[in-house]
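Q: To start, I am sharing the structure in question, which I have written as structure tokens.
The values are calculated or read from the model by the stated rules, or taken from the named source; none is laboratory data. It should be emphasised that the depicted structure is a prediction, and the values quoted were computed from it without experimental measurement. Note: ideal-geometry Cβ built from the backbone for every residue, glycine included; neighbour counts use all protein chains shown.
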Amino acid sequence: MNPDEGEIMATPASHAQTIYEDVLANYLISMARTVENSVGYALDALLRPNLERAAALSSQVFLVEPRVNEMEMLIDDHAVRMLRTGLLDDEEIRRVVASQKIANDLERIGDLAVNISERVISLSGMEITEMPQELEPMSGAVRGMLGRSLGALIFRNVVLAGEVLESDDVVDRYRDQIFEHLLAGMIREPAQVAPHLQFVLATRYLERIADHATNIAEDIIFWVRGLDVRHGRARLSVEEKNYPQKRS
């Protein structure tokens, strides 16, 4: 066969594969942005819980959650179709596998936004005498982790992904501080037990969002570098010295 003929024959398959990859990326980015918006609404309401904000959450978070579930199933179906072609190289296979895992983490983050919204609704009917002072910086840290993990996804940027991994301990420290202060407040002021328990649950959900953002960052590193850093994150800094950051 003439080499030129081989190139012509290969072109339709490679073109179709490029379309598949673009569609998968668009699905995933759309899901990521939807989930990020839901988390933003939920956290804004948590920091200033009132009846008006609680009512607004029904359309901003609760009604979006089924759409997020559908997006996850759509990404899974599309990923399976891509794998069935048998035309993927190693990096493309990693991309498909990572995309499925990332979609699962995004779906769980969407569920946690709903959980936080439920706490806001409960708090809106309670008398709150004091907000946990660490709640706002903890929320900011979680937003930052989620934003960087999604930035790493969009730009295939392992540096951003590494920053997410480094931030996880900060969120855990905020969680511990809030729990200690809320527990002391419940002992000091028993009438505040109910709202304080709602804040304890909310901070637990915040911590879980940070954990899922970390999972997404790990999956991006696996996709781009082929490194599994889940149980050996120290390897990332060593590899980064040897492999310069890819440009998107």
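Q: Restricting attention to the range 1-44, and to residues there that are among the β-branched types (Val, Ile, Thr) and more than 29 Å from the chain's Cα centre (by Cα), which single residue is modelled with the highest pLDDT?
A: Step by step, filter the range 1-44, then rank; the result is Thr11.
Q: Give the residue, chosen from Arg108, Arg84, that is over 13 Å from the mean Cα position of the chain (by Cα) and surrounded by fewer than 24 Cβ atoms within 10 Å (Cβ to Cβ).
A: Arg84
Q: Here's another thing I want to ask about it. Surrounded by fewer than 18 Cβ atoms within 10 Å (Cβ to Cβ), in contact with a helix residue (DSSP H, G or I) (Cβ under 8 Å, 6 or more places away or on another chain), of a type in the set (D, E, K, R) and assigned to a helix (DSSP H, G or I): which single residue out of Asp176, Asp172 fits that description?
A: Asp172 is the lone residue from the list that is surrounded by fewer than 18 Cβ atoms within 10 Å (Cβ to Cβ), in contact with a helix residue (DSSP H, G or I) (Cβ under 8 Å, 6 or more places away or on another chain), of a type in the set (D, E, K, R) and assigned to a helix (DSSP H, G or I).
Q: Another question about this same structure. All but one of (1) crowded, with 21+ Cβ neighbours inside 10 Å; (2) at pLDDT 95 or above hold for Pro49; which doesn't?
A: (2)
Q: If you scan the range 40-74, which residues turn out to be among the β-branched types (Val, Ile, Thr) and assigned to a helix (DSSP H, G or I)?
A: Hits for the range 40-74 are Val61, Val68.
Q: So, one more: Step by step: first the residues of the range 133-159, then only those that are over 26 Å from Glu65 (Cβ atoms) and touching a residue at least 60 places away in the same chain (Cβ under 8 Å), then the one that is surrounded by the fewest Cβ atoms within 10 Å (Cβ to Cβ). Which residue is that?
A: Among those that are over 26 Å from Glu65 (Cβ atoms) and touching a residue at least 60 places away in the same chain (Cβ under 8 Å), it is Val159.
Q: Among the listed residues Glu189, Glu163, Glu207, identify the single one that is out of contact with any helix residue (DSSP H, G or I) (no Cβ under 7 Å at 6 or more places or on another chain), surrounded by fewer than 23 Cβ atoms within 10 Å (Cβ to Cβ) and of a type outside the set (Val, Ile, Thr).
A: On inspection, the qualifying residue turns out to be Glu189.
Q: Here's a follow-up. Run Glu91 past the list (1) in a helix (DSSP H, G or I); (2) in contact with a Leu (Cβ under 7 Å, 6 or more places away or on another chain) and report the number of the one that doesn't hold.
A: Single failed check for Glu91: (2).
Q: Additional query: Taking the conditions exactly as written (among the hydroxyl-bearing types (Ser, Thr, Tyr), loosely packed, with under 14 Cβ neighbours inside 10 Å and under 30 Å from Phe199 (Cα atoms)), does Ser38 satisfy them or not?
A: Considered against the rule, which asks whether it is among the hydroxyl-bearing types (Ser, Thr, Tyr), loosely packed, with under 14 Cβ neighbours inside 10 Å and under 30 Å from Phe199 (Cα atoms), Ser38 comes out as no.
Q: Let me ask something else. Does Glu127 satisfy the condition of being without any contact (Cβ under 8 Å) to a residue 24 or more places away in the chain and either part of a helix (DSSP H, G or I) or charged (D, E, K, R) (or both)?
A: The answer is no for Glu127.
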